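A.B. asks: What follows is a structure written as structure tokens; I'll ask about it next.
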Amino acid sequence: MGKRKRGRKKHEETASQEDYSTASKNYAVSLPAAATEAAEPERCRGRSKKIKVADSNGDCAAAKMVPSMDAVVKVFCVHTEPNFSLPWQRKRQYSSSSSGFIVGGRRVLTNAHSVEHHTQVKLKKRGSDTKYLATVLAIGTECDIAMLTVSDDEFWEGVSPVEFGDLPALQDAVTVVGYPIGGDTISVTSGVVSRMEILSYVHVSTELLGLQIDAAINSGNSGGPAFNDKGKCVGIAFQSLKHEDVENIGYVIPTPVIVHFIQDYEKNGAYTGFPILGVEWQKMENPDLRMSMGMGPDQKGVRIRRIEPTAPESNVLKPSDVILSFDEVNIANDGTVPFRHGERIGFSYLVSQKYTGDRAMVKVLRNSQILEFNIKLATHKRLVPVHIKGRPPSYYIIAGFVFTAVSVPYLRSEYGKDYEFDAPVKLLDKHLHSMAQSVDEQLVVVSQVLVSDINIGYEEIVNTQVLAFNGKPVKNLKGLARMVESCDDEYLKFELEYQQIVVLKTSTAKAATLDILTTHCIPSAMSDDLKT
């Protein structure tokens, strides 16, 4: 119960971008998510890798893009990742290389995962032998885009920024340019747009519009531009499909998502994220279901199953409402809306076109009555966050008990990339199905027990949720730390999942903490964010 599996291999030094399994709550994504990988930056550790030679048949298109290709840069990053299993320290630093490109306003775009947990970022222009120090302006975790700049004026001399083109059509030619593994010079691979749909962005398990192309995207291609045959950028290479039955399937972040990221930054001075409609819904394709909901023969829509308690729409929408339209665009029984000629797309695309704080008109059917609500859109608050957005992990230690808040990076650190199979069932259930009841709610667990005389008999408690302290419910880690620190009762009593309890004498527990910290070379009993 809540224990690590015996003999489980530690994943302390895994690459930062492994397979990110996704759990789509709102609609089915046709992509086999477990086989999709971020096209991770090439890690500079001298590893040998098998390279498939991409068929490059776009010489004419490449010739048209020579000016644009000069705007493609190589990104060098030194990463220092947090150690979520030992949150008071960081992992050994490592280096990576990836691609990026210059856009207007003295800015460079690349992938978010290319500069995640960065301690230093440098850029090198095509044909140059100089690396320039870069500053990270914004990291968009949901859309896997990062914005950089360089203060040295010399970097910007003689380079024209890339121009953005319109969203390409199916079978339009695209050329991916970047610095993949196998060399220091620029690489060009060509293909066509083979699919356009809402797909899973594996870096942070979100669903946004994406392009599927049949050009090769390899490690190091991350952040490189995809050009159309007129030399205009139509996307950013960011992940590829790794599966024994497919070859050369890559994915590109399209211009609507890129422009949304840039305009969000310009409008707010920071990246604020993509809003969502905080509901889980089901299809209404069954005629008996539609009839039971009071829908007419000409009415279509999707039924609301659950509503996020932290979402603004929870004040007006109700379970079993049928969403008929979003901003006057009718929603079909399968949750799709018209996109372009002969194409349909998930209606979440309409939501993702909005900005945080924007309003939208939602029409619903409730008890055979049509109601309209003007809803303010906000970002998603997960009980188990998929990303902590560069912040160090939080922790609190008392009498050797290490308390922390569960996140997907924490689960991956504890159980490896297959955490969805190896983690305790109750934690996975919270991750996949539970909703935060308030914006500050966290899933607090006893991560491990640092063995000492004070905690004899409790040594095997691992990754077990803390439900209450001295009879008061535990809402988040900061609240738990405050209750323990201010406790003047004779005993500290922690109520855990599986009906376990931990009881410690308050005075001896607090006195023993300092010696335990010294033994394990831990600088503080709590992370900095809990001290304020």
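A.B. asks: Charges at C-beta only: +1 for Lys and Arg, -1 for Asp and Glu. How large is the resulting dipole of region 246-343 about its Cα centre, in Debye rounded to 20?
C.D. replies: With Lys and Arg at +1 and Asp and Glu at -1, about 220 debye.
A.B. asks: Quick check on region 398-442: take the gyration tensor over C-alpha atoms, sort the square-rooted eigenvalues as a ≥ b ≥ c, and tell me if it's rounded (a/c under 1.5), prolate or oblate.
C.D. replies: Verdict is oblate for region 398-442.
A.B. asks: Give me the dipole magnitude in Debye, nearest 20, for region 320-457 about the Cα centre, with unit charges on the beta carbon: positive for Lys and Arg, negative for Asp and Glu.
C.D. replies: In total the dipole reaches around 340 debye.
A.B. asks: Order 134-143, 281-290, 216-225 from most to least packed using the mean count of other Cβ atoms within 10 Å.
C.D. replies: Highest-to-lowest ranking by the protection proxy: 216-225, 134-143, 281-290.
A.B. asks: In addition: Which order do H260, H341 take by accessible area at a 1.4 Å probe, largest first?
C.D. replies: Ranked from most to least accessible, the order is H341, H260.
A.B. asks: So, one more: List the GluC sites (Glu not before Pro) within region 437-507 that fall in a DSSP loop (any state other than H, G, I, E or B) and whose Cβ has at most 14 other Cβ atoms within 10 Å.
C.D. replies: E459, E460, E490
A.B. asks: Right, something else. Per the helix-only calculation at 222 nm, which mean residue ellipticity applies to the chain, given -39500 (n - 2.57) for every DSSP H run of n ≥ 4 and division by its residues, nearest 500 deg cm²/dmol?
C.D. replies: Helices in the chain give a 222 nm mean residue ellipticity of -4000 deg cm²/dmol.
A.B. asks: Continuing with the same structure: Would you work out what percent of the accessible area of the chain, with all protein chains in place, is carbon or sulfur (probe 1.4 Å)?
C.D. replies: Of all accessible area on the chain, carbon and sulfur atoms account for 48 percent.
A.B. asks: Shape verdict for the chain, please, from the Cα gyration tensor: rounded (a/c under 1.5), prolate (a/b greater than b/c) or oblate.
C.D. replies: oblate
A.B. asks: Tell me, what is the per residue accessible area of the chain in Å², probe radius 1.4 Å?
C.D. replies: On a per-residue basis, 45 Å².
A.B. asks: So, one more: Dipole of region 57-199 (Lys/Arg Cβ +1, Asp/Glu Cβ -1, origin at the Cα centre): which of W156, Y94, L109 lies farthest to the positive side?
C.D. replies: Looking along the dipole axis, the top candidate is Y94.
A.B. asks: Turning to a different aspect of this structure: Would you kindly derive the ³J(HN,Hα) couplings of region 305-312 from the backbone phi angles with the Karplus curve 6.51 cos²θ - 1.76 cosθ + 1.60 (θ = phi - 60°), listing them in order in whole Hz, with x for Gly and Pro?
C.D. replies: So the Karplus estimates, Gly and Pro as x, are 8, 9, 10, 4, x, 8, 7, x Hz.
A.B. asks: Quick one: putting +1 on the C-beta of Lys and Arg, -1 on the C-beta of Asp and Glu, what dipole do you get for the chain around its Cα centre, in Debye to the nearest 20?
C.D. replies: Dipole about the Cα centre, nearest 20: 640 debye.
A.B. asks: Using modelled amide H (1.01 Å from N, peptide plane; none on Pro or chain starts), what sits under 5 Å from the amide H of E163, excluding residues fewer than 5 places away?
C.D. replies: C233
The values are calculated or read from the model by the stated rules, or taken from the named source; none is laboratory data. As the structure is a computational prediction, the values presented were derived from the model and not from experiment. No Cβ is skipped: glycine too gets one built from the backbone with ideal geometry, and neighbour counts run over all protein chains shown. For accessibility, only protein heavy atoms count, side chains too; no ligands or nucleic acids. Shrake-Rupley method; radii C 1.70, N 1.55, O 1.52, S 1.80 Å.
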